[in-house]
Structures are given as structure tokens and as C-alpha cells.
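Student: Have a look at the structure that comes next, please.
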Amino acid sequence: MTDISASHDVIIIGAGHNGLVCANYLARAGKRVLVLEAAAQTGGLAASRQLDGGFQCAVPHSLPQLQKKLVDDLKLTDFGFRLPDTTLPTVALNPDGKHITITADQLCGASDADTLAYGEFTRLLNRFAKAIEPFWYKSPPRIGSGNWADTLSLGQFGLNLRLLGKQDMAEFMRMIALPAQDLTDEFFDSDLLKAALSWDFVIGNKLAPRSPNNAVLNQLLKLSGDLAGNNRYHTGAVTLFPGGANSLIRAMEQSAQAAGAEILCNASVKRVLMQDQTAVGVELDDGRTYKAHHIVSNADPKTSFFKLLGARHLPIQFAHRIRRNRNRGMVGKLHLGLKNLPHFNQLNNANGRLLIAPSREYIESAFDQAKYGEVSDQLAMEIVIPTLQDPSLAPTGHHLLSAHVQYLPYDIKGGWEEHKPRVLESLLNTLQQYAPTIRESIVSAELLTPKDLEQEYRVDGGHWHHGEFCIDQWWVNRPTYGASQYTTPVTGFYLCGAGSHPGGGIMGAAGHNCAQQILNTGKGAATP
Amino acid sequence: MNVKTTHTTPGLLKSPFYPRLAPFNEAEQWGDWNGYANALFYKDAYTEYFTTRNSCGVYDVSPMCKYRIRGDDAEAMLNRMVTRDVSKQGINKVAYNVWCDDRGKVIDDGTIFRFAQNDFILMCAEPALDWLMLACEGFTAISVHEETEEIAGLALQGPTSCALLKALQLAGVENLTPFEIGQFAFPADNPVTQLTISRTGFTGDLGYELWIAPEHALLLWDQLFARGEPYGLHPYGEESLDMARIEAGFILPEVEFHGALHTVNLDHDHSPFELSLDWMVNLKKPHFNGREALIKEKQQGSPWRLLKLDIPGEKVAENAILYAEKICKTEIGYVTSALNSPVTKANIALAMVKGSHIDKDIFAEIYYQKELRWNRKVRKCTVQQKPFWWPDRGRATPPADY
């Protein structure tokens, strides 16, 4: 053991939602926890941000992945968080006005054949989601450890798949690596519908409808939440933050503090302090130091290992695998402050998740250009108007338009400073095709590129999930083997962020799992 | 099809010494060492072997990979990479080293030359640049430059090697201690360049390695051979070197062990402990690659151990399988290198033996041919702790003249 006079049991670097969740569980188990956040407020990528003109927004605008377990365990409703009481339909916008409305169990505006196929499509995805559900809130097994818990966990995974039944398991094995393109072709006719359903298979990752391997997994992660009830098929069951991201983050923060965790903002960690190859504390930019028995990083893996810890403390091949981790984001975020509610052609009710993706080719073509460092003039968008749920997010009578935009390359030829005004302009042109009068309503506008996300939120690569969510960076390989059980090759140093299993999205599972790992240390849990 | 290739020279590359080596190579037996023509033997391997034991011989080590590592982080980077403590290595000293992957399995071995606090050369028989680049990750004040083609090298080995160097008027060369590096103006009477001499080698006997700029390589050769005759100087090839190194108990990559980055089967690579390089693993120093795994192996015992075997009879135990009983029932290992040692008059071998059997009986099942007919003998082996050939003259400073 190292000789330290530790002020805390655990220090958590970063008060993103996973850091707050991790702190909360640890504090509830009696640990003395200190959370250090570089920004002026907690929340990380989910922190609320102000848009000129009195609008309040956040990078995530829905929370499909949140589970009731987390809300209950942390008693978030006691701290002002309101569970969503409605789910929003998804509307596939058609330039001609013949939109298709998608809910959890039905389609409106689609052909009879497509409507019938939709039932089977959602049935399968719901079953698959249910089969892998137990593994989100569980540390991945350590392959070849000989540890019975690891073996059991692996066995349970196989068993859960087997319990799908012969036919559905065979379908699972067949479908798991299919591109969204092939999958939607198998079930549906309508190009518009196929594009809308493809959106959820690709959003957030370096994936397009024709990309193989990772689409179904990406979709299943999004189906991990259970607040929308049993039929969780995401495209048809979107839940918004009641009160915005702010209300969830505030509740997480207050709940953690009530449990005894200490949270310091404006406390930017410069580096992890090492002693005898063990992490023993942190040093802040301003020179303050804190010591603890466990140092947990909520930052992305590259920031955690290279910036905070230093590659020289790591095994060579391990460091190389972290360096090779794919973490360049491709999603942009558009926020528009509007004087009034925008009117979309032939759409009576804008209270839904509106998709601008007329065809899969439209999405694919934007992806193709982004791959080569360019930006398409025709980008796909997922739009919600959160002020329809919560008017307090904007001045009276005003509205906020929040849109995820794909695909924006991390590195653009010529640099983002040169191209950002043009890209914003082309986004407004695209919006105008569906909502012709929208320009006249704009009070303020901002576009966040992956580069902006990286700089403003200290996430290397500006990726939603701190790293691609894909088969080779999933489960026992997230972020890579040797660190996929929240422990790392450095004694006393842990990961609790989205770069660890299960991944990104407002979920808190990585924070939960990391806390369990720390609490189990010394109780026979495997150490690396 | 238009195939673009970076190889512009057909066939084998020619070392700076090639113009002098070629006329000696009556057998025209060239092997390939890192793409360079490397003599397997010049005339007769057996005769050439005796130059390293009874007089002196030269071996062209120019194809050796040489990586110049400079910068304030150089020591820390190397120390994280290799198993010995580089911070303890003095300036103008050479240290034999191995480096391991994350699992504590040996990737390769080589020597580190230290010229200054922040100036090193790593030498190894096989390319190691990609591993070096990975190992530099996390270090900033560091540069790695490959100098393989910028330094020509000759190993001068054998009991008369020091005497020959003295005949070249290299003042003080006899004072070099084993693993020490010296710098000499060369040639002594009319210097045109600098000659770096390290008291190192791969024969286990007295010997030096001479390093010089390639454009002066032939000058070095000519000066050596102008005075070499009384000292029995002759070039020797790879086959004779292999005999000498087995006697000295030196391991050879891809013979005694497979580099960990090249094994297909995970358990076909070996730790430094398995290669009986325990003395090189410094578990007292802080984090180095493979340390955790090696600590574990030290506690739990090694699955394999490389042993030196003395075998009765004169049949060479090449490729022999080892057994626990004379009836050859339980396989416990295999011979990696074997030789009928001329200088020790012994039948010797290096062998990989299961860790559980190193203190028990070891029998070698030896196959040999007699006029094409295969015969078989089973011999009980004796484990040798010391190298088969390790003469005091190799360590003496100053070395005696022979």
C-alpha cells in the first residue's frame, strides 16, 4: 500500500452525468467522494447552455436510454426530476407534405403492407433489446480470467440469446451485423419510411445506412431505456426531458450531494498524481492537490489516459489500443431561438420528433462527403421543439428548435472557422423547404460542430459516446480489453464515462457499473 | 497490373565491406540478414570457427539494426521498454537487454549503447522501429533515428583481437573493460575519421566490435588486414558464429524463442524467465512493460526454462525431443540448438524444458543417420549452469597478448 494521507476515498474527475451517478452510488455506500468539474456547472455534455435571447438548451434533447432503476435508486424525483408522461411520435417529413407518422405500435400515412411489416420489425427489435438488457447495468466479463462471476456473465449472455427461441435467435445472429439499408429493405417499401427508420440505426456514430456491422447494436443501445413502457421501440417512442436536460442534471447533482458527495466546479484537473505506479491523487490547474484511494475519470479514454495520466505509465500495447480508439464525432447540433412556433408544411402538430431525411441515399450522400472532410448542402436532421413540452425554456411565446445534424466531419477541409457560416446557411435553406417562414422567426442561432463539442465540453474528438459505439469497441472491448471492467492497468485509476461499457447517451450505466466495481474491490472481484 | 514497390535493388543489398568480403567467399554462400548479403561461410565453417577461439576473425555486423535515441526522455522511454534498469547504465557502456510485450513475453533482444546522459543507440538483429515508435508514446523530449545504413560494423573476435588492435596503434584500447565503449582517431598515424570500439561480441570470448562511417569501412578493413596475418585474422561466417554462440550459451531469436509479436499461438512465446534471463529482469525498478506479468510469473513459477545440456556420446542432439524417462514416455521439452563443441570437446545443447522437470531426469531422444539409415539413441542429459565456454581471457583487462 502507498503511504498517503487521503482526504477522500474516491475522487471523480468530471461531473458529467456518469460522474454524478458514480459519485451518488459511492456516497450512498458510505464512501467519501469528491467530484471535480472543470466547467462552471455540472452536467458535462448534457449541461444546459444558454442561447442568446433567453433560450435554454442542451446537446441531448431526448432521453430514450434512461432507466427507471436509476431514477428510483437515486431518488431523482425527490430532487425535482419529473418522469415524462408522454412519448412523442416521430414524423418523417416529406417535402410534398405526405408525411409518415411513426408511433411505438403503428404507422400513419404508410401503406398497409408497410404497416403490417412494422409490427414484425418492432417485435423483433423489442425482443433483442430485452435479451441484452441485463448487460447494460453490469460490468463486462473478463475473458479468460477463470473467475466464476466472469464465466457466469458470459454464460448468461449466451443463455439470454438462446432464450429468444430458435427462430428469433437465428434472426438475431443474422441481423446483428446488417446495414440499416438491407434491414429496412427486407421489411418495407416506402423510401421515406426506410430513411426514417434508418436514422436511429446510424445517429451518433460514423455510420450511414449502407455501413455494415454496427447499426443494429447502435439501435439496441438506444432501446435500453424503459421510461416509455414495455414497447420501447425508440423511433416510435421518444421521451423528452421534462424541464430540459437541466432538470435531470440538477436532480442528479442534488441527489449526489444529499448522499454526501462533495462537488467542486471550476476545478480543472491537470493531471493524476502517481506514486509507485498507483494513482493516489490529482493536481488541479491552479496547483491545488487532492488525494484519495481511488481516482475515477469521467473523461473520455484518450483524455483520461494520455492527458490526465500520461502514456508513460501504461503498458505499451494497451496505450496503442487507446490511441487507436475511434472517437471522431460526426454529429452537429443546431439551436434556433424563434419568435414564434414554426409551421411545417402540411403538419398540424409540430410536437414530435421531426426527421428531415427524405431517402436513405440522402443520408448516405451526406455521409460520403463527410468522410472526405466536406459537408453536404443537404444534411439530414432530427428536430424537436422542446418548448412545446416546457415553455419555460424560452421567453413567453418564443420557441426553441433543437436539431441533431448529420454528418459534420470533425476535420473539414479549410477549417471550421471558414465553413461554419456556410453550413449554418445551408441548414436554414434545408429547413426552409419544410418550414418556409422559419427564417423570419429566428432570434438567435448556433451550430455546434464536433470540434466545438470537443473544445467546449473537453471531449477528445467531440464524439457523443466518447468513442464509436461499434462491435469492436463494445462490451469486453470498450474502450479496450484491459480497461473494460472500469479498472485500468494503473492501480487505483478507474473509468466511469461513456467511453466505457455500455457507452454514451443519457443513461448513467457506466457510472453505476464503475461504482459497483469500486465497491466490490476487496470482495473477491478480479483485479487486472 | 501496375505494382508500386519501394524495393529498387534486386537481390541482396551489399554492405560497405562487401568489396572485401566477396573475394574471400570462395563458397559463394550468401545468406540474407535484413536484406543484406551475409556470408554463411567463406571456405569452411569449422576452420573459421577456430579463428574466434585460437586467433581472431572478423564478422560483418553492418546489417545490424541501429536506432539512435536522443533526448531528455530517452532514458525514461528505454527504461519503460526494457527489463533492465537503464538509469544504472553508465556513459560509454553497453548493456544487453530484452524487451517484452504487455504480457511479459520477449519481443526481441538487443544491446543498448549509451554515449551520453541523453544519447543512446539500440542495436538489434531484427527491425524494431515500429515497436520503438509505440514505446515512445507518451514521451515528448525524444527522437528516434534509424542509423543502420549510417554505421558500418565489424566484430573482431578471438584471443588475439586486442593485440591486433594494439598493432593499429589505437592507444589505450587494451584498457577497455567488457561492455565499455572507446573512441579512437583513425587511422592513428593520419586520422581521417573516428572509430568507435565497444568490447562486445557474440562469441563469449575476448572480442570487440568496431563501428565506423560507411565511407571509411574499407579503410578499416585494409588497415586490419595489412597487419592481421601474424594474428591469424580471417573473416568468419554465420555458421561458425552459430557454433561459438551456442558454446557461450547466447540465445538467438527465432531459434531459442519466437518474438512475441510474431507468434500465432499465444503460448508459443516466452518470458525472460523462461529464457533463463532472470538476471536481466529488474523487478525493483518502477513500471516497465510486462512488469506485472513477470512479477506474477516469478511468484507462480515459469512454465518453461531454457537449459544448457551436456549430453553423453558424440551424436548431435539436433531437433531432439526431451523425455522424463529413458523409455521416452512423457515429453518434457525440446532442443533448440545443439553442437558437438570443438573447444570443450563436449556434446552440448540449449533446450526448452517444462518448468516442472528442470530438477528431474532429462533424456534426449537423438536421431542420426548412417549412410541414409536413421538410427536412434536415448541419452541422459546433465544440466549445466554456466556457459560451456566462458574463458577468463574474455573478461581480463588488459587482455593478455597471445
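Student: Beyond 24 Å, what percent of the Cα pairs of the stretch B:68-216 remain?
Tutor: Tail fraction, whole percent: 35.
Student: Here is a further query. For the protein assembly as shown, list the cysteines whose Cβ sits under 4.7 Å from no other cysteine Cβ?
Tutor: A:57, A:108, A:265, A:470, B:56, B:65, B:100, B:124, B:136, B:162, B:328, B:381
Student: Kirkwood Rh over alpha-carbon pairs of chain B, then Stokes-Einstein at 37 °C and 0.692 mPa s: what D in µm² s⁻¹, rounded to an integer?
Tutor: Value of D from the Cα-based Kirkwood radius: 146 µm²/s.
Student: Related question: In the neighborhood of residue A:312, defined by Cβ-to-Cβ distances under 10 Å, what is the net charge if each Lys or Arg adds +1 and each Asp or Glu adds -1?
Tutor: With Lys, Arg at +1 and Asp, Glu at -1, the neighbours total -1.
Student: Another question, if that's okay. For B:263, B:140, give me the order by solvent-accessible area with a 1.4 Å probe, most accessible first, ignoring ligands, DNA and RNA.
Tutor: B:140, B:263
Student: Something else now. Taking amide hydrogens as modeled 1.01 Å from N in the peptide plane, which residues meet the under 5 Å criterion relative to residue B:332, leaving out close sequence neighbours?
Tutor: It is B:322, B:323, B:324, by chain and number.
Student: Would you calculate a helix-derived [θ] at 222 nm for chain A, using -39,500 (n - 2.57) for each DSSP H run of n ≥ 4 and dividing by the full residue count, to the nearest 500?
Tutor: After summing the helix terms and dividing by residue count, I get -10000 deg cm²/dmol.
Student: Right, another one. Quick check: with the 1.4 Å probe, what order do B:108, A:72 take by accessible area, largest first?
Tutor: Heavy-atom accessible area, descending, gives A:72, B:108.
Student: Over all distinct alpha-carbon pairs, what is the Kirkwood Rh of the stretch B:181-291 in angstrom?
Tutor: 17.7
Student: Contact order normalised by length for the stretch A:65-151, with contacts defined as Cα pairs under 8 Å and 6 or more residues apart; what percent is it?
Tutor: Working: 46 pairs, mean separation 9.7, N = 87.
The normalised contact order for the stretch A:65-151 reaches 11 percent.
Student: Now, a different point. Suppose we look only past 24 Å in the calculated P(r) of the stretch A:406-528. What percent of the Cα-Cα pairs does that tail hold? Before the final figure, lay out the partial values.
Tutor: Values: 3552 of 7503 pairs.
Summing the P(r) tail past 24 Å for the stretch A:406-528 gives 47 percent.
Student: For the stretch B:163-207, with all protein chains present and a 1.4 Å probe, just round the carbon and sulfur fraction of the accessible area to a whole percent.
Tutor: Answer for the stretch B:163-207 is 50 percent, counting heavy atoms of protein chains only.
Student: Let me ask another. Return the Rg/Rh value of the stretch B:222-365, two decimal places, where both radii are evaluated on C-alpha atoms and Rh is the Kirkwood radius.
Tutor: That ratio is 1.07, to two decimals.
Student: Mind checking the per residue accessible area of the stretch A:1-101 for me, 1.4 Å probe, whole number of Å²?
Tutor: 37
Student: When every alpha-carbon pair in the stretch B:328-402 is counted, what percent end up more than 14 Å apart?
Tutor: 71
Student: Eigenvalues of the Cα gyration tensor times 5, then square-rooted: what semi-axes does that give for the stretch B:1-128, in whole angstrom, largest first?
Tutor: With the √(5λ) rule applied to the stretch B:1-128, the semi-axes are 32, 22, 14 Å.
Student: In addition: Let me cross-check residue B:174: its accessible surface, 1.4 Å probe, with only protein heavy atoms counted, in Å² to the nearest 10?
Tutor: 50
Student: Hey, can you find the accessible area per residue of the stretch B:62-156 for me, probe 1.4 Å, expressed in square angstrom?
Tutor: Result: 33 Å² per residue.
Student: Another question, then. How many percent of DSSP beta bridges within chain B run antiparallel, rounded to 5?
Tutor: If I count the DSSP bridges inside chain B, around 95 percent turn out antiparallel.
Student: Could you tell me what percent of the accessible area of the stretch A:1-51 is made up of carbon and sulfur, with a 1.4 Å probe and every protein chain present? List each step's numbers first, then the result.
Tutor: On the way: 780 of 1620 Å².
So the carbon and sulfur contribution to the accessible surface is 48 percent.
Student: Further, regarding this structure: Indicate the residues belonging to the stretch B:283-307 that lose 30 Å² or more of solvent-accessible heavy-atom surface (probe 1.4 Å) upon moving from the chain alone to the assembly of all protein chains, ignoring ligands and nucleic acids.
Tutor: B:287
Student: Something else about it: Over the Cα atoms of the stretch B:142-218, what Rg and Dmax result, in angstrom?
Tutor: Just the Cα atoms of the stretch B:142-218 yield Rg and Dmax of 12.8, 40 Å.
Student: Per residue in the stretch A:268-287, which ones lose no less than 30 Å² of accessible surface when going from chain alone to all protein chains (1.4 Å probe)?
Tutor: For the stretch A:268-287, once contacts with the other chains are taken into account, A:277 lose 30 Å² or more.
Student: Compute the distribution of all C-alpha to C-alpha distances in the protein assembly as shown, in bins of 20 Å from 0, and list the percent of pairs in each, rounded to whole numbers.
Tutor: 13, 35, 27, 19, 6, 0
Student: Tell me whether the stretch A:11-166 comes out rounded, prolate or oblate; compute the Cα gyration tensor, take square roots of the eigenvalues as a ≥ b ≥ c, and use a/c under 1.5 as the rounded threshold.
Tutor: Working: a/c = 2.64, a/b = 1.15, b/c = 2.29.
Oblate is the answer for the stretch A:11-166, as a/c is 1.5 or above yet b/c matches or exceeds a/b.
Student: Please express the Cα-Cα pair-distance distribution P(r) of the stretch B:267-346 as a list of whole percents, one per 5 Å bin, running from 0 to the bin with the greatest distance.
Tutor: 3, 12, 18, 19, 14, 13, 10, 8, 3, 0
Student: Whole Å is fine, so just give me how far the alpha carbon centre of the stretch A:89-146 lies from that of the stretch A:347-382.
Tutor: 20
Student: Using C-alpha positions alone, give me the convex hull volume of the stretch A:21-109 per residue in cubic angstrom.
Tutor: 160
Student: Which far-off residues, 5 or more places away or on another chain, put their amide H under 5 Å from the one on residue B:83, with H placed in the peptide plane?
Tutor: Residues meeting the amide H criterion: B:98.
Student: Still on this structure: Excluding residues on the same chain fewer than 8 positions from residue B:354, give the lysines whose Cα lies under 25 Å from its Cα.
Tutor: Counting by Cα, and skipping residues close in sequence, residue B:354 has these lysines nearby: B:105, B:296, B:298, B:308, B:315, B:326, B:329, B:377, B:380, B:386.
Student: With a 1.4 Å probe and every protein chain left in place, tell me how much accessible area residue A:326 has, in Å² to the nearest 10.
Tutor: 100
Student: Output ³J(HN,Hα) for the stretch A:61-76: one whole-Hz value per residue in order, computed from phi by the Karplus curve 6.51 cos²θ - 1.76 cosθ + 1.60 with θ = phi - 60°, and x for Gly and Pro.
Tutor: 10, 9, 9, x, 9, 5, 10, 4, 3, 5, 4, 6, 3, 9, 6, 5
Student: To the nearest 100 Å², how much accessible surface do chains B and A hide from each other in total, with a 1.4 Å probe?
Tutor: Summing both sides, the interface buries roughly 1300 Å².
Student: Report the semi-axes of the equivalent ellipsoid for the stretch A:246-293 in whole Å, largest first, where each axis is √(5λ) for an eigenvalue λ of the Cα gyration tensor.
Tutor: Values for the stretch A:246-293, descending: 26, 13, 8 Å.
Student: Quick one: net charge around residue B:246, please, counting Lys, Arg +1 and Asp, Glu -1 for every other residue with C-beta under 12 Å from its C-beta.
Tutor: On the way: positive: B:245, B:308; negative: B:239, B:242, B:247, B:256, B:318.
Taking every Cβ under 12 Å from that of residue B:246, the sum is -3.
Student: If you don't mind, there's one more thing I want to ask. Search the structure for amide H atoms under 5 Å from the amide H of residue B:337, placed 1.01 Å from N in the peptide plane, and list their residues when 5 or more places away or on another chain.
Tutor: Under 5 Å from the amide H of residue B:337: B:350.
Student: Let me ask you something else. Could you work out [θ]222 nm for chain B from helices alone, using -39500 (n - 2.57) per DSSP H run of at least four and dividing by all its residues? Round to the nearest 500 deg cm²/dmol.
Tutor: Roughly -5000 deg cm²/dmol at 222 nm, from the helical runs in chain B.
Student: Divide the volume of the convex hull of the Cα atoms of the stretch A:360-463 by its number of residues and quote the answer in cubic angstrom per residue.
Tutor: Dividing the Cα hull volume of the stretch A:360-463 by its residue count gives 123 Å³.
Student: Next question. In whole angstrom, how far apart do the alpha carbon centroids of the stretch B:343-402 and the stretch A:295-317 sit?
Tutor: 48
Student: Take every residue in peptide A:175-185, count the Cβ atoms of other chains within 10 Å of its Cβ, and give the average of those counts.
Tutor: Mean shielding by partner chains, rounded to a whole number: 0.
Student: Can you tell me the equivalent ellipsoid semi-axes for chain A? Use √(5λ) from the Cα gyration tensor, largest first, whole Å.
Tutor: On the way: eigenvalues 268, 144, 91 Å².
Its equivalent ellipsoid spans semi-axes of 37, 27, 21 Å.
Student: Let me ask another. Which whole-number percentage describes the relative contact order of chain A, with Cα contacts under 8 Å and a sequence gap of 6 or more? Could the numbers behind the result be given before it?
Tutor: Details: 1202 pairs, mean separation 128.7, N = 528.
Worked out over chain A, it gives 24 percent.
Student: By the scheme Lys and Arg +1, Asp and Glu -1, what is the net charge of all other residues having a beta-carbon under 14 Å from that of residue B:198?
Tutor: +2
The values are calculated or read from the model by the stated rules, or taken from the named source; none is laboratory data. Please read all numbers here as calculations on a predicted model, not as lab measurements. Here the Cβ is made from the backbone with ideal geometry for all residues, glycine too, and neighbour counts use every protein chain on show. Ligands, DNA and RNA are stripped out before the accessible areas are found, and what is left, the full protein with its side chains, is counted by its heavy atoms. Shrake-Rupley method; radii C 1.70, N 1.55, O 1.52, S 1.80 Å.
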